[in-house]
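See structure below.
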Amino acid sequence: MVGGGDFTSFERAEFTPDGRRLALASNDSVTFWDLASKRFILAFRPLTDQPIDQLRFNSAGDRLVATMSDFQATCKIYTAPRDE
């Protein structure tokens, strides 16, 4: 269990391809977790008030695509350095 069970409102979950990290999305924020240490890494709020429809990592696990349900087919791509 990550986060000590404190988070109950997440609607989407996506693992990195290597299975080391987890992204959890609620209707207005995304949080990243390291699964080996079970520690919180990062949180951000997409620049929209619309719910997040989907999350997907690229094959390298260093980019996350989040689509929003704003009726305009909005797609945001988030990039972070990958630690080796």
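The values are calculated or read from the model by the stated rules, or taken from the named source; none is laboratory data. No experiment lies behind these values; they were computed from the predicted model shown. Every residue, glycine as well, gets a Cβ built from its backbone with ideal geometry; the counts of neighbours run over all protein chains shown.
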Where a residue in region 28-47 is over 14 Å from Leu64 (Cα atoms) and its partner, wherever it lies, is among the β-branched types (Val, Ile, Thr) and not in a strand (DSSP E or B), with Cβ under 6 Å and at least six apart: Lys38/Val2
Residue that is among the aliphatic types (A, V, I, L, M), exposed (fewer than 15 other Cβ atoms within 10 Å of the Cβ), modelled with pLDDT of 75 or more and part of a loop (DSSP other than H, G, I, E, B), where the choices are Ala43, Ala60, Ala13: Ala60
Residue check for Thr31: within 10 Å of the chain's Cα centre (by Cα) and either modelled with pLDDT of 80 or more or part of a loop (DSSP other than H, G, I, E, B) (or both): yes
Evaluation of Met1 against (1) at pLDDT below 85; (2) part of a strand (DSSP E or B) (one fails), failing number: (2)
